Amino acid sequence: MESYKAIKYPLSTEKSVRLMESENKLIFVVDLKARKEDVKKAIEDMFKVKVVKVNLSIIGNKKRAYVKLSPENPAIEIATQLGLM
């Protein structure tokens, strides 16, 4: 899968902001066919950051990716670039 097609859009909810601050994680809605490797590569390419871990969950007909970033890449900075903060 092409990396940019894997990511649909970032989520900006109370929970996602809490995860940003406490665990340095961002939440994205991703393509249903996207794999962890696809999401990791897409985030690393798009934002030039180091991804430590990706967890995927399917809620209804949407797939979410919980992306944990390395400590040298604050999630808040990326959220600000995306206009979420």
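Name the residue that is surrounded by the most Cβ atoms within 10 Å (Cβ to Cβ), counting only residues in the range 1-20 that are under 19 Å from Ile76 (Cα atoms) and touching a helix residue (DSSP H, G or I) at 6+ places or on another chain (Cβ under 7 Å).
Met20
If I ask for residues that are of a type in the set (A, V, I, L, M), touching a Ser or Thr at 6+ places or on another chain (Cβ under 9 Å) and without any contact (Cβ under 8 Å) to a residue 40 or more places away in the chain, which ones from the range 1-39 would you list?
As a first pass, look at the range 1-39 and keep what is of a type in the set (A, V, I, L, M): 1, 6-7, 11, 17, 19-20, 26-27, 29-30, 32, 34, 39.
When the remaining residues are screened for being touching a Ser or Thr at 6+ places or on another chain (Cβ under 9 Å), the result is 26-27, 39.
Listed by number, the list holds a single entry, Val39.
Can you tell which of Tyr4, Tyr66, Tyr9 is part of a helix (DSSP H, G or I) and either within 19 Å of Gly83 (Cα to Cα) or not acidic (Asp, Glu) (or both)?
On the way: Tyr66 fails: part of a helix (DSSP H, G or I); Tyr9 fails: part of a helix (DSSP H, G or I).
Residue meeting the stated conditions: Tyr4.
Taking into account only those residues within the range 43-74 that are within 20 Å of Thr13 (Cα to Cα) and of a type in the set (S, T, N, Q), which is surrounded by the most Cβ atoms within 10 Å (Cβ to Cβ)?
Of the residues in the range 43-74, the ones within 20 Å of Thr13 (Cα to Cα) are 43, 54-69, 74.
Now drop any that are not of a type in the set (S, T, N, Q), which leaves 55, 57, 61.
Numbers: Asn55: 13, Ser57: 10, Asn61: 6.
For the range 43-74, the residue satisfying everything is Asn55.
Values quoted throughout were computed directly from the atomic coordinates according to the rules given, and no laboratory measurement underlies them. This structure is a prediction, so every number in the text was calculated from the model and none was measured. Here Cβ is always computed from backbone atoms with ideal geometry, including for glycine, and neighbour counts include all displayed protein chains.
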